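The next block holds one structure in the form of structure tokens; read it before the comments.
The values are calculated or read from the model by the stated rules, or taken from the named source; none is laboratory data. Here the structure is a predicted model, which is why all the values come from computation and not from measurement. Cβ sites come from the backbone with ideal geometry, for glycine too, and all protein chains shown count toward neighbours. Note: areas computed on protein heavy atoms with side chains; ligands, DNA, RNA excluded. Shrake-Rupley method; radii C 1.70, N 1.55, O 1.52, S 1.80 Å.
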Amino acid sequence: SMGNWLVNHWFSAAVIAAWLGVNIFLFTYYFLFFDRNEQYFYTREILGSALAWARASAKCLNFNSMLILLPVCRNLLSFLRGTCSCCRRTLRKQLDHNLTFHKLVAYALVLFTAVHTIAHLFNLERYNRSQQAADGSLAAVVSKLHLQGSKWLNPIHSNHTVSTGPQPTSRGSHTPLIPASASLQTPEYVAFTTIPGLTGVIITLALILMVTSSTEFIRRNYFEVFWYTHHLFIVYFAGLVIHGIAGLVRGQTLESMREAHPQHCAQHLTGKDCQHRCCKETEFGSIPAESWKWVLAPVLLYIFERILRVWRARQKVVVTKVVMHPSRVLELQMQKKGFRMEVGQYIFVNCPTVSLLEWHPFTLTSAPEEDFFSIHIRAAGDWTESVIDAFQQQKAETPRIEVDGPFGTASEDVFQYEVAMLVGAGIGVTPFASILKSIWYKFQQADQALKTKKIYFYWLCRDTGAFAWFNDLLASLEQKMAESGKADFLTYRLFLTGWDTSIANNAALNFDTVTDAVTGLRHKTIFGRPMWNTEFTAVATAHPRSVVGVFLCGPEALAKSLQRSCHQHSSLDPRKVQFYFNKENF
């Protein structure tokens, strides 16, 4: 199955390999550069290898900060996807892994931030130690060179002062020094009063908040928290660009290298009251700030993306029908000029009466064959509650809705298999509304693109409450199929994984009725989890020569067990039954 994964995901694999390669190259190249280059001979005397650790991680931070915005330019990505409609579907699908890549880059940022910060804490301690040392060591001597001018090496200028960086106050005067009381000659002081120190602390806090507030749990249940916290990225990029400006970490200037190369000069510097020309001519300058060069293009692209979003959202959306389903689920049917959807896609929705700034993603529950597009909003969090209230209490006119999208690649693979096993778990059942309706329309219209002859649908959920609407949809599909004599086209089972005794007792009483006690559907509801071995064996027996597509929208753990079942139940003989697993990224 690994080979299978590589065939389907070669593009993802190639992107990740290239990304890892560039990170490793940048880190290694700059680590060796700062660890060996003569220009940093004296800097290393004070800092040791922590210099190389800090600088190499800084390069990787710049590289990953450059990448982090690209995967979230969703309009630009869907434009790319549109232009590469001729390229293989696998490639278009890979563009849907954009958020996975975004997270990967974010984890790299966290890792390199940790390395960079720890290295600089060591650096501060060593700068401090060398400045206070009076032992005549090379580190102590170079720390005390040119403290009056702007050619210094050690940013901690004495027990009492810290440089804030090269800010000439008036012509010819030297860098202003921040006086510190004797108790404040500490690295903490540098960390909070210099530009690099302060911006570093702010960037790191912003990063920590963004990463911690974007867990699955918070996104699902407190989307607002995630949404607003994530806009700290503005603080992150502003801080990043300013961070290196002061240039506290320095090297010997090229001019000084020509006049006083460390090879000749190092031994003269440690002499008593050095009068040698080396002492005057060993001069230091900043490493120029370069973060802005890395992030300029992506930031401009992202600004363009945001403008595009605003423009797309201005196009008028007409809400044609509002349906309140049980368990506070709101269905909105809408129309928008030029809106074309495919199965399995999603849109971003904004409701200005509730919040001007918040955009929330919803899977489309309509089929492309229908003359409207629809979403189902269930109460989960403040925003959804407010939207449902706004539509329930609408006085004269319907609240205005803005829509951006659709996004995501169609799940059209479903139509390619003569037998399809569809598995929807929990909220993962939503995309199947679109898929099942579309298959049925295609089936009725005898669409040539549809190879499907039989569908097995497995619906797993704790309780059907919030999905009563889906129930109704299944019931109406079932009725239509029965009316046209195609009742056996769709077989489905509902597995209630969170049932309580009252339901079970009720079910026991109603056991002989044709429709089902819990859902009112013809096919029996099963309490507990599916035994996949049994299900796969049954399908394999019913279709001994078919290729079966298995589609899941649900949690990772379920994906693993389905993948295992596909592997176990596929025949070794290629002419006999084969199961192919597809996990959708909704």
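Of A108, A18, A58, A52, all but one fail to be at pLDDT 95 or above, touching an Asp or Glu at 6+ places or on another chain (Cβ under 8 Å) and not hydroxyl-bearing (S, T, Y); the exception is A52. The set of residues in the range 438-457 that are within 24 Å of I526 (Cβ to Cβ) and within 31 Å of the chain's Cα centre (by Cα) contains only F457. In the range 273-299, of all residues being open to solvent by less than 60 Å² (accessible area, probe 1.4 Å) and assigned to a loop (DSSP other than H, G, I, E, B), the one that is nearest to A134 (Cα to Cα) corresponds to C274.
Mind telling me which of the residues G239, G247 ends up being in contact with a Ser or Thr (Cβ under 6 Å, 6 or more places away or on another chain), in a helix (DSSP H, G or I) and small (G, A, S)?
Within the list G239, G247, the selection yields G239.
For N37, the requirement of being in contact with a strand residue (DSSP E or B) (Cβ under 9 Å, 6 or more places away or on another chain) and either open to solvent by less than 40 Å² (accessible area, probe 1.4 Å) or closer than 20 Å to L153 by Cβ (or both) is met.
Picking from D447, D472, which residue would you name as being outside the structural domain of I377 (by the TED database), surrounded by fewer than 18 Cβ atoms within 10 Å (Cβ to Cβ), under 21 Å from C553 (Cα atoms) and not basic (K, R)? Can you show your working first?
Values: D447 fails: under 21 Å from C553 (Cα atoms).
Going through D447, D472 in turn, the sole match is D472.
Within the range 193-204, the set of residues being within 17 Å of V249 (Cβ to Cβ) and open to solvent by 50 Å² or more (accessible area, probe 1.4 Å) comprises T193, I195, L198.
Please determine whether any residue of the range 407-414 is modelled with pLDDT of 90 or more and in contact with a Ser or Thr (Cβ under 8 Å, 6 or more places away or on another chain). Within the range 407-414, not a single residue is modelled with pLDDT of 90 or more and in contact with a Ser or Thr (Cβ under 8 Å, 6 or more places away or on another chain).
Per the conditions (1) over 24 Å from Y30 (Cβ atoms); (2) in contact (Cβ under 8 Å) with a residue 12 or more places away in the chain, the sole criterion not satisfied by E290 is (1). Do we have any residue at all in the range 448-455 that's assigned to a helix (DSSP H, G or I) and either touching a Lys or Arg at 6+ places or on another chain (Cβ under 7 Å) or within 26 Å of M324 (Cβ to Cβ) (or both)? No: zero hits.
Would you check which residues across the range 111-144 are of a type in the set (A, V, I, L, M) and modelled with pLDDT under 90 and list them? Answer for the range 111-144, where residues must be of a type in the set (A, V, I, L, M) and modelled with pLDDT under 90: A133, A134.
A quick yes/no check of all residues on (1) open to solvent by 50 Å² or more (accessible area, probe 1.4 Å); (2) at pLDDT below 90:
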| site | (1), (2) |
| --- | --- |
| A182 | yes, yes |
| T186 | no, yes |
| A191 | no, yes |
| A206 | no, no |
| E216 | yes, yes |
| Y228 | yes, no |
| F237 | no, no |
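For Y458, the conditions (1) touching a strand residue (DSSP E or B) at 6+ places or on another chain (Cβ under 7 Å); (2) assigned to a loop (DSSP other than H, G, I, E, B) all hold with the exception of (2). Looking across T430, T365, T398, one residue alone is open to solvent by 10 Å² or more (accessible area, probe 1.4 Å), hydroxyl-bearing (S, T, Y) and under 27 Å from the mean Cα position of the chain (by Cα). It is T430. When residues in the range 81-99 are screened for being modelled with pLDDT of 80 or more and exposed (fewer than 14 other Cβ atoms within 10 Å of the Cβ), 1 of them pass. Identification of strands (runs of 3 or more DSSP E) wholly contained in the range 325-437 with 2 or more residues that are among the aliphatic types (A, V, I, L, M) and farther than 30 Å from K451 by Cβ yields 329-336.
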